[in-house]
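Every number here is computed from the coordinates shown, using simple stated rules; none is lab data. Remember, it's a predicted structure, so these values are computed and weren't measured experimentally. Cβ atoms come from the backbone with ideal geometry, glycine included; neighbour counts cover every protein chain shown.
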Amino acid sequence: MLLQPKEQYLQAFVKIWTDYNMYAKLLDKMFDYLNRYYLKNQSMKSLGQVALVKLNELFYERIKNDLREVILDQISKDRNS
């Protein structure tokens, strides 16, 4: 079960997502030289892409079922009001 009210849970997820997305873009900008020359020549993903993959693996996969329930409940609430 969810420990927080549904709206707070959804707001917390959105905040984490936007903050982490900004962090990944910052990584790309800070290590632009590495991304353009070293990682590209080694056929590797950029640091920003790797950061988003890690967010998916470590965070989103754990909460996706609860998040889906919260989103569907919010949609139902909005449609009924």
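The alpha carbon convex hull volume per residue for the chain rounds to 107 Å³. Each stretch of four or more DSSP H residues adds -39500 (n - 2.57); spread over every residue of the chain, this sum gives -22500 deg cm²/dmol at 222 nm. Karplus-based coupling profile of segment 65-71, in residue order and whole Hz: 5, 5, 5, 4, 4, 5, 5, with θ = phi - 60° in 6.51 cos²θ - 1.76 cosθ + 1.60 and x standing for Gly or Pro.
Computed from backbone phi with θ = phi - 60° and the Karplus coefficients 6.51, -1.76 and 1.60, the 3J(HN,Hα) list for segment 72-81 is 5, 5, 5, 4, 4, 4, 5, 6, 7, 9 Hz; x is used for glycine and proline.
Taken along the Cα-to-beta-carbon direction at a fixed 7 Å, the label points for residue 67 and residue 34 span 2.6 nm. Taking a point 7 Å out from the Cα of residue 15 in the direction of its Cβ, the residues of segment 63-81 whose backbone N falls within less than 20 Å of it are 63-64, 66-68, 70-71, 74. Report the relative contact order of segment 6-80, percent, no decimals, based on alpha-carbon pairs under 8 angstrom and at least 6 residues apart. Dividing the mean separation by the residue count of segment 6-80 yields 40 percent.
Pairing the Cα long axis of helix 6-30 with the longest principal axis of the chain, what angle in degrees results, from 0 to 90 and rounded to the nearest 10? With both axes taken from Cα atoms, the answer is about 10 degrees.
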